[in-house]
Every structure is written in C-alpha cells, then in structure tokens.
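Enquirer: Okay, here's the structure, questions in a sec.
Only the coordinates and a few stated rules stand behind these numbers; no lab work does. All of these numbers come straight from a predicted model, not from anything done at the bench. With ideal geometry, Cβ positions are generated from the backbone for all residues, glycine too; neighbour counts draw on all protein chains shown.
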Amino acid sequence: MKINDDKTGTAYWIEDNSFMSAPLFKDGRVDYEMKIALSDWENMEPFWESSSNFKDLILILEKLVKQKQ
C-alpha cells in the first residue's frame, strides 16, 4: 500500500520493514528515484513549519501499519 499526501507532496509506503517516502511529481506520480527511508530524513522543515503536517504524517504511518498487519 502507498499513500500519496498532497499536503506535503510526498508518497509514503513500507518497504523491507522500513517507512519509505518519495516526492510526488505535479501529476501525482511518485518519483521513486528520490525515495528515502524516513529514518534517513535530514530536512524536517515542512514539519517544523506546521505541527498539522506532523500530525498528518503520524496518521499516514498509522494507516500503513494497520494495512500491513
């Protein structure tokens, strides 16, 4: 399962037991060449700017975990 989040312009999914992310192109396709594990994120600026972005990310991760179970 993959979740596209228009709010942050990022797709999220679980791959090899890791939470993964990749930016979305303007047409909604995922830029898999830019994928990265959330644990490797260095730029958290979108989440510092708005706590609602962080809450949105937590909800997405919860949905992914539920789907995996």
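Enquirer: Using 0.36 nm times the number of residues separating LYS66 and ASP27, minus their current alpha carbon distance, what extension gain do you get?
Expert: Full-extension gain reported as 11.3 nm.
Enquirer: Around ASP5, which amide H atoms from residues at least 5 apart in sequence, or from another chain, sit under 5 Å from its own amide H, with H modelled in the peptide plane?
Expert: Distant-sequence amide H within range of ASP5: THR10, ALA11, TYR12.
Enquirer: Another question, then. Quick check: net charge around LYS55, other residues with Cβ under 14 Å of its Cβ, Lys/Arg +1 and Asp/Glu -1?
Expert: With Lys, Arg at +1 and Asp, Glu at -1, the neighbours total -2.
Enquirer: For Cα extents along the principal axes in Å, which listed value, (1) 55, 26, 13; (2) 40, 28, 22; (3) 32, 24, 22, comes from the coordinates shown?
Expert: (3)
Enquirer: Could you size up the charge dipole of the chain around its Cα centre, putting +1 on the beta carbon of Lys and Arg and -1 on that of Asp and Glu, and report it in debye to the nearest 20?
Expert: 360
Enquirer: Just report the Cα centroid separation between segment 37-60 and segment 1-20, whole Å.
Expert: That distance is 12 Å.
Enquirer: So for the chain, averaging the separation of alpha carbon pairs under 8 Å that are six or more residues apart and normalising by length, what relative contact order in percent results?
Expert: That works out to 26 percent.
Enquirer: If I model a spin label as a point 7 Å beyond the Cα along the Cα-Cβ vector, how far apart are those points for ILE36 and ASP5 in nm?
Expert: Reported label-point gap for ILE36 and ASP5 is 1.4 nm.
Enquirer: Once the dipole of the chain is set up with Lys and Arg at +1 and Asp and Glu at -1 on Cβ about the Cα centre, which of SER39, ALA11, SER50 lies farthest towards its positive end?
Expert: In the chain, that residue is ALA11.
Enquirer: Tell me which lysines have Cα within less than 24 Å of LYS68's Cα, excluding those fewer than 8 residues away on the same chain?
Expert: LYS2, LYS7, LYS35, LYS55
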